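J.: Provided herewith is a single structure, encoded as structure tokens, for subsequent inquiry.
No value in this document is a laboratory result; all are computed from the given coordinates. Note that the coordinates shown come from a computational prediction; the quantities given were computed from them, not determined experimentally. With ideal geometry, Cβ positions are generated from the backbone for all residues, glycine too; neighbour counts draw on all protein chains shown.
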Amino acid sequence: MVDTRRRFFLRAQPAPPAQPRPPGALAEGAFLDACTRCGDCATACPTQVIQRGDGGYPVLDFSRNGCELCGDCQRACRAGALPGSTALGGWLAELTLARCLSSRGVECRLCGDACEPRALRFRPGARGVALPQLEAEACTACGHCVGVCPTQALSVRRRPLGG
Ligand code: SF4
Ligand code: SF4
Ligand code: SF4
């Protein structure tokens, strides 16, 4: 009986991916039911940020580019798997300061230049080298900061509950 319930729960609550689905994706279970893995969203994406993830389902890969939140993927999806808003709600950039060049006394600021919403601000640090600081409220999780960082100090993660 317990096994049956557990199997039902696992089927009803698929493990969420570690990378965002394209903007506007249905809740994970409904998304997996609706998405046909046709790849039309990826073809329509002007920044080629949509890649095939586990099972061939689309995820956003920020290693080379970010999302413009343009909605082209949503308009291309004939299966209705991306009906929501163009926001990437529930996701947030994560900055690991120990990996940033500033922690080695080198000033960089590439992530700040790439961040259109100005969610990456710089404050004076030791030895006059500016340290990046993430303003979570301003971050749209667009991922444009991720690929430009030479030391992989930035990633996009799930926003903490209540964050
Ligand atoms: S919103 Fe635009 S840039 Fe972002 S994944 Fe969709 S098509 Fe690509
Ligand atoms: S994910 Fe986008 S908005 Fe957030 S810090 Fe990076 S570039 Fe800025
Ligand atoms: S791009 Fe990377 S190394 Fe450069 S300031 Fe930003 S976090 Fe630091």
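J.: Starting from the amide H of residue 130, placed 1.01 Å from N in the peptide plane, find each other amide H under 5 Å away whose residue is 5 or more places distant or on another chain.
T.: Here 125 satisfy the definition.
J.: Further, regarding this structure: Based on the Cα gyration tensor of the chain, what are the three equivalent ellipsoid semi-axes, each the root of five times an eigenvalue, rounded to whole Å and given largest first? Spell out each step's value before the answer.
T.: On the way: eigenvalues 221, 74, 32 Å².
Each semi-axis is the square root of five times an eigenvalue, giving 33, 19, 13 Å.
J.: Helix-derived [θ] at 222 nm for the chain: sum -39500 (n - 2.57) over DSSP H runs of at least 4, divide by residue count, nearest 500?
T.: On the way: 6 runs with 38 residues, N = 163.
Value at 222 nm, helices only, nearest 500: -5500 deg cm²/dmol.
J.: Using +1 on the beta carbon of Lys and Arg, -1 on that of Asp and Glu, and nothing else charged, what's the dipole of the stretch 92-158 about the Cα centre, debye to 20?
T.: Here the stretch 92-158 has a charge dipole of around 220 debye.
J.: Still on this structure, I have one more. Counting Lys and Arg as +1 and Asp and Glu as -1, each charge on the Cβ, what is the dipole of the chain about the Cα centre in debye, to the nearest 20?
T.: Numbers: 20 positive and 14 negative charges, 86 e Å.
Computed about the Cα centre, the dipole is about 420 debye.
J.: What percent do you get for the relative contact order of the chain when only Cα pairs under 8 Å and 6+ apart count? Could you put the intermediate results ahead of the total?
T.: Working: 276 pairs, mean separation 38.6, N = 163.
24 percent.
J.: Helix 2-12 versus the longest principal axis of the chain: what angle, 0 to 90°, nearest 10, using Cα atoms?
T.: Helix 2-12 sits at roughly 70 degrees to that axis.
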